[in-house]
Amino acid sequence: MRITVNLSLTLLCALGMIPISLAASGKGNPEAGQKLYRESCQNCHGPAGKGDSDMAAYLTPPPANLTAKATQAKTDVQLRKVILEGRPGTAMTGYEGAFEEAQLADLIAYIRSLKS
């Protein structure tokens, strides 16, 4: 699995889809990510990321619980893909072009901090 993730990162860097500096660092600022989360994600995923916002009752399927083991088990590359491309068949829209690379790293760092 680790080899696959590293190979995927290498390939995405080679294709110019992820800057080498971001892929290599794997770091972000969770405090800055929290601000982005509140602005762009909290309305659906809820204040604690559990997918339990007021709006969630009206969404089918409900928003993902970002604290869940299944979400936290995703690689950063997988989380980045969901953020940018969305999830077909759900209310999760893609945010392609909405965030700079550093902001994506910050947002992913914040999502990682939501671990149960």
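A short reminder: the numbers here are calculations on the coordinates, not readings from a lab. A quick note: this is a predicted structure, and the numbers were derived from the prediction, not measured. All Cβ positions, even for glycine, are placed from backbone atoms using ideal geometry, and neighbour counts span all protein chains on display.
Observations
- For region 31-75, the residues whose amide N sits under 18 Å from a probe point set 7 Å from the Cα of residue 113 along the beta carbon direction are 31-43, 45-51, 66-68, 72.
- For region 78-89, the Karplus equation 6.51 cos²θ - 1.76 cosθ + 1.60, evaluated at θ = phi - 60°, returns couplings of 5, 5, 4, 4, 5, 4, 6, 9, x, 10, x, x Hz by residue, with Gly and Pro reported as x.
- For region 28-113, taking the reciprocal of the average inverse distance between every pair of different Cα atoms yields a Kirkwood hydrodynamic radius of 12.7 Å.
- Applying 0.36 nm per residue to the separation of residue 27 and residue 81 and subtracting their alpha-carbon distance, the gain on full extension is 17.8 nm.
- Rounded to the nearest 0.05, the FRET efficiency derived from the C-beta distance between residue 70 and residue 96 at R0 = 35 Å is 0.90.
- Near residue 27: Cβ cut-off under 11 Å, other residues only, Lys/Arg at +1 and Asp/Glu at -1. The net charge is -1.
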